[in-house]
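The values are calculated or read from the model by the stated rules, or taken from the named source; none is laboratory data. Since the model is a prediction, treat every value here as computed from it, not as a measurement. Here the Cβ positions follow ideal geometry from the backbone for every residue, glycine too, while neighbour counts run over all protein chains shown. Side chains included, ligands, DNA and RNA excluded: accessible areas come from the protein's heavy atoms. Shrake-Rupley method; radii C 1.70, N 1.55, O 1.52, S 1.80 Å.
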Amino acid sequence: MIYQRPLNFLITGKSISNHRMIRFIVKVTTCAHKISVEKLDDTHLSIHVTDAPEKGKANKAVLRILADYFDVTLDKVTITAGYTSKNKIITVA
């Protein structure tokens with residue numbers, strides 16, 4: 001994979017390691033040439049996925065990538081809003 005997992009990724013003062021639920025805004029680019037995750041600021045990420053946005057394939061890829069990125073299980077990452085949009089609100093528990 002192209003991306004690296006953060007050592008201490010903070011969003012609005014809450015840490016993944018504290019097992020708190022956090023939300024952040026993600027801009028998704030589909031049909032990219034490579035998978036990447038870029039932290040734009042404390043509450044925004046940009047994700048490039050190679051899957052097409054059809055039948056939920058890109059959304060599933062985003063969830064898998066973020067679960068791996070934050071080192072949590074797949075069921076801990078959910079799309080809270082924007083399921084059919086390129087701009088999404090993602091919750092990590």
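Return yes or no: is residue 23 in a strand (DSSP E or B), at pLDDT below 95, under 12 Å from the mean Cα position of the chain (by Cα) and surrounded by 11 or more Cβ atoms within 10 Å (Cβ to Cβ)?
When the stated conditions are applied, residue 23 passes them.
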Would you check if residue 32 is in a helix (DSSP H, G or I) and surrounded by 12 or more Cβ atoms within 10 Å (Cβ to Cβ)?
-> no
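Rundown of residues vs (1) open to solvent by 10 Å² or more (accessible area, probe 1.4 Å); (2) touching a His at 6+ places or on another chain (Cβ under 7 Å); (3) assigned to a loop (DSSP other than H, G, I, E, B), yes/no style:
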| residue | (1), (2), (3) |
| --- | --- |
| 54 | yes, no, yes |
| 62 | no, no, no |
| 75 | yes, no, no |
| 80 | yes, no, no |
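Would you mind finding the one in 90, 2 that is open to solvent by 40 Å² or more (accessible area, probe 1.4 Å) and either in a strand (DSSP E or B) or at pLDDT below 90 (or both)?
Going through 90, 2 in turn, just one is open to solvent by 40 Å² or more (accessible area, probe 1.4 Å) and either in a strand (DSSP E or B) or at pLDDT below 90 (or both): 2.
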Could you give every pair whose Cβ atoms fall below 9 Å, whose first residue belongs to the stretch 49-69 and is over 17 Å from residue 31 (Cβ atoms), and whose second residue is among the aromatic types (Phe, Trp, Tyr), counting only separations of at least 6 or pairs across chains?
-> 68/3; 69/3; 69/9
